[in-house]
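Here's the structure, in structure tokens; my notes come after.
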Amino acid sequence: MEINITVKTGPWEEPVSRTVKQGTTIESLAAEYNDLPYMVLAAKVDNKITELTKVIECPACIEFMDMRNQAAALIYQRSLSLLYLKAIDDVLGKVSTHIENSLNKGLYTEIGTQEPITNQQVKDIEERMHELVKQDIPFIREVMNREDAFQVLLAEDYKEKERMLHRSDVKQLPFYSLLGFRNFFYGQMVPSTRYIPYFELRRYRRGVLLRFPHPSQPDKIQPFVDEVQLYKVFSEAKLWGRLMRISFVGDLNEKVESGEYKEIIQISEALHEKRIAQIADMITKQKKRIILISGPSSSGKTTFARRLNIQLRVNGLIPLYLSTDDYFVERHQTPLDENGEKNFEDITALDIDLFNRDMNSLLKGEEVDIPTFDFLNGKKVFGTRITRAQKGHPIIIEGIHGLNRQLTEDMPEEEKFKIYISPLTQLNIDEHNRIPTTDARMLRRLVRDYQFRGHTAQSTIREWPKVRKGEDKNIFPYNGEADVFFNSEHIYELSVLKKYAEPLLQQIKREEPEYGEAIRMWKYLQFFKTITDDSVIANNSIIREFIGGSIFV
């Protein structure tokens, strides 16, 4: 029987109508399109993200997804993680492995061998992974109810996963097997090992980096750069987790159920305040004048800058606070992107010459007419903020280009102190299932934009790829310039954000293009118990910037 379908080979391609035989898999359909730039990893079927093994039974709109799509990139990472765990099992036997956090265009992992992992062992694991890829072994999916899942997790000694399931309201768990090696993963997989040929293993510090392509170059492993500061932040976050006795979602859910989460919130906020005070002490001791704060969307830059201001005042300084947003060029001068649309995130969208002149004048103690940008009319307005910086006191400058030397090229380098802020870690579901920090930031933005900017969840999800693309160009390449990193993540935050985000995600209908992403995020939120009473969160908390009640925003 022939079925009418519509096929889109990519998000920007025009849909084409055609027919297929009932019972055709999406994988075999994709194989007919051999001129695509990159391998198809998954598909949207009527806007729902679907594995390629799905059988076409009725008319549908099918859109192919390759590595350039965030959801497909995560499917690649997840499949590669199972391949990695299988290879470790084959080479080293039954050892514990933790997939911990993103680092250096890959994942930082730790393998629980009695002696530190050797270069030869890492090489053997990588060779085994390549062998399995060449054999084109299928990933076998099986969905189990709670009772059966408990039995499997106990039998295979997945204690943390069993604990997670016990402390959540999840009704079913998906398991994936590779040559009999079975594990739970909350998201989808590619059909077989041949779909994940690009990877690199590298021994690093106490663990191993599992590196893979960036979505911007789906068939290349990017050069290794030792991200020392980022590694230190993750080590600090692990220490913070131990202080609160929270390593995985199951631990947090226990605290929510018992009511101990209120103390956890207070400890987490105190750790933030202590770190901000330490940064203020560094600035004071080094007598820095130009304090540059940068980070990706929804990092909490505004709240952090205001709290840093307060800590500097505690140290006897009187900072001047500015935002680079007030230095946009006039609207008609805004650069255009490759689609001919105004690109407000490019550094050339800022009046760099005026910015440098004003900052240097402030450093000299001169009076300066600081502009205020009128976003409605697209013009800088002068005469409303005529000010000067007190001699010897710092100027706090917040903006996405703060770490890019081009922004401050005419300012004395010895006066600069650069801070990179981002929620750099996120509480993992268990040892092998991690939630990307990118997703946590999108949830922050989704909640904030709905509550305070009049945006729908659909519009936030729709714009997110463009935001991410701008971050990859304008922010992430410069984080190595930072003098310090500030991790703005709160270990409890997804349990708080869930209350606000879940209804917004559930309102997105199947016929809407954003449905697939909404369901993907909603699925991992199901592993978190909801903190319904967030009144204990202080009004100067970074989280207040997103859920409301902030004294700064």
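The values are calculated or read from the model by the stated rules, or taken from the named source; none is laboratory data. Every value quoted in this text rests on a predicted model; they were computed, and no experiment measured them. We place every Cβ from the backbone using ideal geometry, glycine too, and count neighbours over all the protein chains shown.
Quick one: in the range 197-222, of everything that is surrounded by fewer than 20 Cβ atoms within 10 Å (Cβ to Cβ) and among the basic types (Lys, Arg), which residue is nearest to Thr97 (Cα to Cα)?
Only one residue tops the list, namely Arg206.
What number of residues within the range 40-72 satisfy the criterion of being in contact with a Pro (Cβ under 8 Å, 6 or more places away or on another chain) and part of a loop (DSSP other than H, G, I, E, B)?
Qualifying residue count for the region: 8.
Taking into account only those residues within the range 251-272 that are touching a residue at least 60 places away in the same chain (Cβ under 8 Å) and polar (S, T, N, Q), which is nearest to Thr530 (Cα to Cα)?
Asn253
I'm checking my understanding of the structure. Among residues of the range 410-427 that are surrounded by 13 or more Cβ atoms within 10 Å (Cβ to Cβ) and more than 19 Å from Phe476 (Cβ to Cβ), which one is nearest to the chain's Cα centre (by Cα)? Explain how you work it out, then say what you get.
Within the range 410-427, the subset surrounded by 13 or more Cβ atoms within 10 Å (Cβ to Cβ) is 411, 415-427.
When the remaining residues are screened for being more than 19 Å from Phe476 (Cβ to Cβ), the result is 411, 415-417, 427.
On the way: Met411: 32, Glu415: 31, Lys416: 28, Phe417: 25, Leu427: 12 Å.
If we take residues in the range 410-427 being surrounded by 13 or more Cβ atoms within 10 Å (Cβ to Cβ) and more than 19 Å from Phe476 (Cβ to Cβ), then Leu427 is nearest to the chain's Cα centre (by Cα).
Any idea how many residues of the range 125-141 are part of a helix (DSSP H, G or I) and surrounded by fewer than 17 Cβ atoms within 10 Å (Cβ to Cβ)?
So the count comes out to 4.
Only one residue in Ala482, Ala518, Ala440 is among the hydrophobic types (A, V, I, L, M, F, W, C) and more than 30 Å from Glu110 (Cα to Cα). Which one? Lay out the reasoning, then the answer.
On the way: Ala482 fails: more than 30 Å from Glu110 (Cα to Cα); Ala440 fails: more than 30 Å from Glu110 (Cα to Cα).
Testing whether each residue is among the hydrophobic types (A, V, I, L, M, F, W, C) and more than 30 Å from Glu110 (Cα to Cα) leaves just Ala518.
Mind listing whichever residues of the range 470-519 are crowded, with 22+ Cβ neighbours inside 10 Å and under 18 Å from Ile49 (Cα atoms)?
Listed by number, the residues that qualify are Leu505, Gly516, Glu517, Ala518.
Can you find even one residue in the range 280-290 that is part of a helix (DSSP H, G or I), over 19 Å from the mean Cα position of the chain (by Cα) and modelled with pLDDT under 95? Walk me through how you get there before you give the answer.
Applying the first criterion (part of a helix (DSSP H, G or I)) to the range 280-290 yields 280-286.
Cutting the leftovers down to over 19 Å from the mean Cα position of the chain (by Cα) gives us 280-286.
Add one more test, that the residue is modelled with pLDDT under 95, and what stays is none.
There is no residue in the range 280-290 that is part of a helix (DSSP H, G or I), over 19 Å from the mean Cα position of the chain (by Cα) and modelled with pLDDT under 95.
So Thr456 ticks every box in (1) at pLDDT 95 or above; (2) hydroxyl-bearing (Ser, Thr, Tyr); (3) touching a strand residue (DSSP E or B) at 6+ places or on another chain (Cβ under 6 Å) but one. Which box is left unticked?
(3)
Where residues in the range 148-178 are exposed (fewer than 14 other Cβ atoms within 10 Å of the Cβ) and aliphatic (A, V, I, L, M), which of them is nearest to Asp439 (Cα to Cα)?
Leu154
Answer with yes or no whether Arg211 is in contact with a helix residue (DSSP H, G or I) (Cβ under 7 Å, 6 or more places away or on another chain) and touching a residue at least 24 places away in the same chain (Cβ under 8 Å).
Values: in contact with a helix residue (DSSP H, G or I) (Cβ under 7 Å, 6 or more places away or on another chain): no; touching a residue at least 24 places away in the same chain (Cβ under 8 Å): yes.
When the stated conditions are applied, Arg211 does not pass them.
Go through the range 244-257 and give me each residue that's among the aliphatic types (A, V, I, L, M), in a helix (DSSP H, G or I) and touching a Leu at 6+ places or on another chain (Cβ under 9 Å).
Val249, Leu252
Answer yes or no: is there a residue in the range 16-32 that is in a loop (DSSP other than H, G, I, E, B) and under 32 Å from the mean Cα position of the chain (by Cα).
no
Would you say Arg211 is farther than 14 Å from Tyr76 by Cβ and either out of contact with any Gly (no Cβ under 6 Å at 6 or more places or on another chain) or not hydroxyl-bearing (Ser, Thr, Tyr) (or both)?
no
Out of Ile386, Ile400, Ile370, which single residue is of a type in the set (A, V, I, L, M, F, W, C) and under 29 Å from the mean Cα position of the chain (by Cα)?
Ile400
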